[in-house]
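Nothing in this text is a laboratory measurement; each read-out follows from the coordinates by a stated rule. Keep in mind that what you see is a predicted model, and the values were worked out from it rather than measured. All Cβ positions, even for glycine, are placed from backbone atoms using ideal geometry, and neighbour counts span all protein chains on display.
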Amino acid sequence: MRIELVTIGDELLLGYTIDTNGAFIARTLAADGVQVVRRTSCGDGADEIADAVRGALERTGAVITTGGLGPTADDLTKPSIAALFGRAMRKDDAILEALRERWKARGWPGGLPKANEQQAWIPEGATVLENRHGSAPGIWLENERGQWVAMLPGVPREMRGMLTDHLVPRLRVQGAAAVVRSATLRTTGISESMLADQLGALGKGFDGLSLAFLPGWEGVDLRLTARGRGAEDTDRALRDGVSRLREVAAIHAYGEGDADLAGVVIDLARTRGARIAVAESCTGGLLGARLTAGAGSSDVFLGGVLAYHNDVKTVELGVRAHTLETVGAVSEETAQEMARGVASKLGADIGIAITGIAGPGGGTAEKPVGTVCWAVSHGDAVVSRRAQLIGDRTEIRQRATQAALDLVRRTLAT
Ligand code: AMP
Ligand code: MG
């Protein structure tokens, strides 16, 4: 089944709001065999909306819109599409009553604002899609030829709820013949091209599965997509495909779906009965924040030291003044001493340390911006790395954190 999306709002055209609704709807419906074949964004004007929806209807006869259902003067989606279908607008008393109740329940003084009353107006012959997540109801409008437009609110949380409540069940039936499913294998510590070499022929897709390489600061995600008949077969093909990729990606693969490397490290450490402490210079707490993002990390994560000033490195972590004088604060030696120092200070089995130059200033010829060193101590052993990381300040800090976590993962995995 093929449909089009029209996302409505001046803020989308001005670039202040990114069209996450379009992405979410396309992704969600693909799983049920409903293919979004075109996405259009248009402004809030009645003519712009009518033009965009008319074109989409002519091509597919099946259109979802988001936005423009609010209570203000710029919310023109309903009357504009009603006119396109040659329908008048009528006031729906049930909706009006529900709006009044909702308003009363929220305890605002003065009753339902006049402006909200326009949300009770719907096109003649339309089906109301109840909104359990906000005030603006959605609308399903269909003509004699079976062409339809489903109008959803723009607020992403409400849109997502209504997609699940109403459209997924309606469209699943029609799209059931063909399903599209995706799965992601997450890798890190290997470049996109090296990974492509390692995958060889599999990199072009295999067994009817298509493969996409998605690089980012976390690493390279491998996304496999299966198109098939019937959910069960398609899911099985996808699972087999992910297993094959995992075998070849070997140690570079750390998880599937939206797995986070920090969560993987916490789980690994917990299994090994090891407790973690961190010493951070250029990442200023990012490492600690990521390790504590998941609930229940306190049985593994003990704490850390943010060691920016050299005095903190020497006094709190026991980094030797001689090390700082001879090889400098950004060096593998310093990182190693920080890792050992914080582990012994806090009584941890594993110490993780990061030191580097995140920029934009502070670089030198020998240590340009992006030079980062990290180290992991585990019992008596300590390993460290030095790399030239790319990106702006934010990205360098993110990449440094990810690289340090990956060194822990690899250390614990062996
Ligand atoms: P509306 O239903 O047009 O009143 O939209 C309400 C809010 O939803 C706006 O302030 C936007 O920030 C947000 N929004 C509208 N359309 C989109 C979209 N396509 N993607 C993400 N957010 C959106
Ligand atoms: Mg709007």
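A few points about this structure:
This table checks each residue for (1) of a type in the set (A, V, I, L, M, F, W, C); (2) in contact with a Gly (Cβ under 7 Å, 6 or more places away or on another chain).
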| residue | (1), (2) |
| --- | --- |
| Lys345 | no, no |
| Thr364 | no, no |
| Cys373 | yes, yes |
| Val383 | yes, no |
| Arg399 | no, yes |
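Listed here are the residues, each with its yes/no results for (1) farther than 20 Å from Ile3 by Cβ; (2) β-branched (Val, Ile, Thr); (3) exposed (fewer than 15 other Cβ atoms within 10 Å of the Cβ).
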residue: Lys78; (1), (2), (3): no, no, no
residue: Trp103; (1), (2), (3): yes, no, no
residue: Ala120; (1), (2), (3): yes, no, no
residue: Val149; (1), (2), (3): no, yes, no
residue: Leu167; (1), (2), (3): no, no, no
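- Subset of region 20-69 (residues that are under 22 Å from Thr164 (Cβ atoms), surrounded by 17 or more Cβ atoms within 10 Å (Cβ to Cβ) and within 16 Å of ligand 2 (Cβ to nearest atom)): Asn21, Gly22, Ile64, Thr65, Thr66, Gly67, Gly68, Leu69
- Residue within region 58-67 that is hydroxyl-bearing (Ser, Thr, Tyr), more than 15 Å from ligand 1 (Cβ to nearest atom) and in a helix (DSSP H, G or I) present: yes
- Strands (runs of 3 or more DSSP E) lying entirely in region 114-158 (those with 3 or more residues that are within 33 Å of the chain's Cα centre (by Cα) and not β-branched (Val, Ile, Thr)): 138-142, 148-152
- Filtered residue count, region 1-54, keeping only those that are assigned to a loop (DSSP other than H, G, I, E, B), within 8 Å of ligand 1 (Cβ to nearest atom) and touching a strand residue (DSSP E or B) at 6+ places or on another chain (Cβ under 7 Å): 2
- Residues (part of a helix (DSSP H, G or I) and farther than 22 Å from Arg385 by Cβ) located in region 293-321: Ser297, Ser298, Asp299, Asp311, Val312, Thr314, Val315, Glu316, Ala321
- Single condition Met162 does not satisfy, out of (1) assigned to a loop (DSSP other than H, G, I, E, B); (2) without any contact (Cβ under 8 Å) to a residue 60 or more places away in the chain; (3) within 12 Å of ligand 1 (Cβ to nearest atom); (4) of a type in the set (A, V, I, L, M): (1)
- Residue match in region 78-101 (condition: touching a Leu at 6+ places or on another chain (Cβ under 8 Å), within 16 Å of ligand 2 (Cβ to nearest atom) and either part of a loop (DSSP other than H, G, I, E, B) or closer than 17 Å to Thr127 by Cα (or both)): yes
- Some residue of region 208-230 being part of a loop (DSSP other than H, G, I, E, B) and buried (at least 19 other Cβ atoms within 10 Å of the Cβ): yes
- Meets criteria (out of contact with any Leu (no Cβ under 7 Å at 6 or more places or on another chain) and under 15 Å from Phe24 (Cβ atoms)) for Arg170: no
- Selection status of Arg87, out of contact with any Gly (no Cβ under 7 Å at 6 or more places or on another chain) and more than 12 Å from ligand 1 (Cβ to nearest atom): no
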